[in-house]
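Some notes on the structure that comes next.
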Amino acid sequence: MKIYKFLSFFFIAFTFFTVTSCRNNDDNDSSSETKGKLQLKFENGFNNLGNIVLNQTTQTSSSGQKHQFQP
């Protein structure tokens, strides 16, 4: 009988938290949004060697294997 009480309490609590967490509070947000710029820069490298150009650069590993990178 204790397990049924626990399960029913758990179900009621789970339902309560689920319903209250789905509330939409976007209407109360009065902060002004400032849009900015974001720039991502990737530096390609292989075995601490840079300047890889796709389809043009062939890198040789320390074991003598040749690697050419393609998109």
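All of the numbers you see were taken from the coordinates with simple rules; none came from a lab. Bear in mind the structure is a predicted one, so any value in this text is a computation, not a measurement. FYI the Cβ positions are ideal-geometry reconstructions off the backbone, even for glycines, and counts take in every protein chain you see.
One table, with the values for the structure above:
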{"quantity": "Ile52 long-range amide H proximity, modeled H, under 5 Å", "calculated": "Asn44"}
{"quantity": "Separation of the Ile52 and Leu40 label points, Cα + 7 Å toward Cβ, nm", "calculated": "1.6"}
{"quantity": "Ordering of 1-10, 53-62, 33-42 by burial proxy (mean other Cβ atoms within 10 Å per residue, highest first)", "calculated": "53-62, 1-10, 33-42"}
{"quantity": "For segment 57-64, 3J(HN,Hα) per residue [Karplus equation, 6.51 cos²θ - 1.76 cosθ + 1.60, θ = phi - 60°, Hz, x = Gly/Pro]", "calculated": "9, 10, 9, 10, 7, 5, 8, x"}
